[in-house]
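What follows is one structure encoded as structure tokens, with my remarks underneath.
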Amino acid sequence: MPLACRVTLEQTRSIHKNTMSVNFWIELVIMLGCIFIGARFNGVGLGIWGGVGLFILSMGFGVVPTTPPVDVLLIILGVVTAAATMDAAGGIDFLVSVAEKIIRSNPKQITILAPLVTWLFTFLAGTGHVVYPLQPVIYEVAMSAGIRPERPMAVATIASQQSITASPVSAATAAVLGMFGAYHFTDFGLTDILLICVPSTLCGVIVAGFISMHLGKDLADDPEFQARVKAGLVKTSGSVGEREIPKTGKRSAMVFLICVALAVAAGLVPSLRTLPGADKPLGMATVLEIFMLVNAAAILVTCRPQVDKIVSTPTMRAGVVAMIGIFGLAWLGDSFVGAHKADLIASVGDIAKAMPWTFAFVLFFVSVLLYSQAATARAVMPLGAALGIPCQTLIAMFPAVNGYFFIPTYGSLVAAIAFDGSGTTRIGKYVLNHSFMIPGLVATIVAVTVGLGLSNVFY
């Protein structure tokens with residue numbers, strides 16, 4: 001009788017385990033399905049369908065929703081408010097004009113120079129939107145130098161997104177900082193992200209630039225290009241005129257960058273953010289939120305932009321879209337991971353601990369679906385933390401969230417194709433054989449590899 005009872009008990013446990021396994025896979029399919037549907041709507045749709053997924057999991061499967069990612073959203077809101085205020089005052093236009101001058105200074109090296117410029121200005125502004133007005137400039141300079149426009153235009157577009165994972169004021173970086181706070185990674189902060197991701201993404205961009213110099217045929221040897229020239233389909237003359245910069249453009253950019261520098265300095269030197277009588281410094285999330293609001297106020301006072309114009313800038317619109325996406329997706333992802341943390345750790349924890357670099361593939365392929373570095377970081381990075389992957393390793397793999405280029409439907413990719421009047425920047429017959437694939441893969445692989453190497457050296 002005791003034996004029968006024991007067997008029954010073991011059977012009951014087995015049934016319970018299998019039930020949990022079935023629920024896990026059903027919930028995973030629901031979550032991925034909502035992400036897929038949201039991606040088809042793009043932008044705000046990602047966050048909305050993240051909320052739908054959370055509703056189904058909580059009401060249908062009893063998944064308890066976690067706390068929404070408030071800190072991340074507030075950091076992004078602060079950064080976007082400052083950047084949008086600068087944008088309204090003409091600061092983005094000023095930065096673009098400076099970038100134009102740098103690109104035109106050495107036309108023969110544009111395949112290396114253009115991506116470095118787009119990387120730098122995305123790093124400073126925290127948004128990849130600076131690449132849009134630069135794309136026609138890159139095309140014009142490349143054509144005048146007799147260089148295949150596909151080469152600099154493709155890698156410059158990739159560079160503008162790689163830099164987001166190195167920028168101290170990007171929404172993606174804010175998402176990672178928020179994850180640090182949620183998982184009590186008190187020994188890591190903005191300094192560590194900059195220490196690893198700045199050199200790693202720069203290395204990725206430079207290597208991708210050198211490889212891009214040899215991609216595709218030279219214009220003189222390209223029969224498709226020559227056929228387009230004969231048919232009168234190629235724009236050979238420059239189409240970019242003098243950019244009109246508001247008088248407050250330079251001033252607003254300077255104020256913005258000074259405040260960013262002060263925030264970075266506070267991250268580098270904890271004593272600068274330690275209040276009198278306090279035992280420990282303020283968290284970097286709080287510091288960024290305060291500094292960015294002060295940043296916006298300083299621009300308002302010194303440059304007097306139209307307040308109504310701030311909310312209608314491309315920077316503000318992009319920031320709000322990122323916030324809504326993170327709100328829905330990150331909340332859904334956190335809740336799912338929280339409900340199945342034990343199962344996830346038991347199933348893939350050993351692999352993650354033995355080969356932590358494999359988690360980079362997860363980040364990459366999720367980013368392909370989400371089209372957002374910030375949303376990917378906030379939705380997936382906590383899983384890496386739950387699996388016990390060291391924080392420095394997660395930082396090293398941060399550039400893997402730049403998989404947006406894999407399917408060529410992202411805005412900056414489409415814009416680059418449209419601005420290339422030569423027709424060399426394009427989507428291939430098989431869709432995935434497009435102009436951005438090789439530079440994107442090279443930049444991402446090199447960045448992650450270098451980052452992992454640096455994490456071993458520094459930590």
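The values are calculated or read from the model by the stated rules, or taken from the named source; none is laboratory data. Only a predicted model underlies this, so the values are computations on that prediction, with no experimental measurement involved. We place every Cβ from the backbone using ideal geometry, glycine too, and count neighbours over all the protein chains shown.
Structure notes:
- Residues located in the range 204-228, provided they are in contact with a helix residue (DSSP H, G or I) (Cβ under 9 Å, 6 or more places away or on another chain), in a helix (DSSP H, G or I), over 30 Å from Gly384 (Cβ atoms) and among the aliphatic types (A, V, I, L, M): Leu219, Ala220
- Those residues of the range 49-73 which are part of a helix (DSSP H, G or I), among the hydrophobic types (A, V, I, L, M, F, W, C) and crowded, with 19+ Cβ neighbours inside 10 Å, in sequence order: Trp49, Leu54, Leu57, Val72, Leu73
- Screening the range 400-438 for residues that are among the hydrophobic types (A, V, I, L, M, F, W, C), part of a loop (DSSP other than H, G, I, E, B) and farther than 20 Å from Arg148 by Cα and picking the one that is modelled with the highest pLDDT gives Phe406.
- Residues that are surrounded by fewer than 23 Cβ atoms within 10 Å (Cβ to Cβ) and either of a type in the set (D, E, K, R) or in contact (Cβ under 8 Å) with a residue 24 or more places away in the chain (or both) within the range 176-188 comprise Gly181, Ala182, Tyr183, Phe185, Asp187, Phe188, listed in sequence order.
For (1) surrounded by 21 or more Cβ atoms within 10 Å (Cβ to Cβ); (2) closer than 23 Å to Phe180 by Cα; (3) touching a residue at least 60 places away in the same chain (Cβ under 8 Å), each residue gets a yes or a no:
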position: Gly388; (1), (2), (3): no, yes, no
position: Asn402; (1), (2), (3): yes, yes, yes
position: Leu413; (1), (2), (3): yes, no, yes
position: Gly423; (1), (2), (3): no, no, yes
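- Subset of the range 16-36 that is more than 17 Å from His340 (Cα to Cα) and modelled with pLDDT under 85 - its residue that is surrounded by the fewest Cβ atoms within 10 Å (Cβ to Cβ): Phe36
- Residues within the range 121-170 that are under 20 Å from Val450 (Cα atoms) and assigned to a loop (DSSP other than H, G, I, E, B), tallied: 3
- Applying a threshold of 6 Å to beta carbon distances and a minimum spacing of six or more residues, or different chains, the list of pairs starting in the range 66-92 at a residue that is in contact (Cβ under 8 Å) with a residue 24 or more places away in the chain and ending at one that is part of a helix (DSSP H, G or I) and aromatic (Phe, Trp, Tyr) reads Pro68/Trp331; Met86/Phe256; Gly91/Phe256.
- Within the range 292-318, the set of residues being surrounded by fewer than 22 Cβ atoms within 10 Å (Cβ to Cβ) and within 20 Å of Ala263 (Cα to Cα) comprises Leu293, Val294, Ala297, Ala298, Leu300, Val301, Thr302.
- Per the conditions (1) farther than 20 Å from Val260 by Cβ; (2) crowded, with 20+ Cβ neighbours inside 10 Å, the sole criterion not satisfied by Asp192 is (1).
- Enumeration of residues in the range 235-268 that are surrounded by fewer than 16 Cβ atoms within 10 Å (Cβ to Cβ), under 29 Å from the mean Cα position of the chain (by Cα) and either of a type in the set (S, T, N, Q) or at pLDDT below 85 (or both): Arg243, Ala261, Ala265, Leu268
- Taken together, the residues in the range 271-287 that are out of contact with any Ser or Thr (no Cβ under 9 Å at 6 or more places or on another chain), of a type in the set (A, V, I, L, M) and assigned to a helix (DSSP H, G or I) amount to 3.
- Selection status of Thr173, of a type in the set (S, T, N, Q), in contact with a Phe, Trp or Tyr (Cβ under 8 Å, 6 or more places away or on another chain), touching a residue at least 12 places away in the same chain (Cβ under 8 Å) and closer than 30 Å to Ala154 by Cβ: no
- The set of residues in the range 37-48 that are under 15 Å from Thr376 (Cβ atoms) and either crowded, with 16+ Cβ neighbours inside 10 Å or not polar (S, T, N, Q) (or both) comprises Gly38, Ala39, Gly43, Leu46, Gly47.
- When Thr186, Thr173, Thr201 are checked against the criterion of being assigned to a loop (DSSP other than H, G, I, E, B), of a type outside the set (A, V, I, L, M) and under 23 Å from Ala379 (Cα atoms), a single residue qualifies: Thr186.
- If you go through the range 319-364 and pick out every residue that is surrounded by fewer than 15 Cβ atoms within 10 Å (Cβ to Cβ) and either modelled with pLDDT of 80 or more or not in a helix (DSSP H, G or I) (or both), you end up with 3.
- As a summary of the residue check, Asn433 satisfies the conditions (1) of a type outside the set (D, E, K, R); (2) surrounded by fewer than 23 Cβ atoms within 10 Å (Cβ to Cβ); (3) touching a residue at least 60 places away in the same chain (Cβ under 8 Å) except for the one numbered (3).
- Test: Gln135 is of a type outside the set (D, E, K, R), more than 28 Å from Glu289 (Cα to Cα) and crowded, with 24+ Cβ neighbours inside 10 Å: yes
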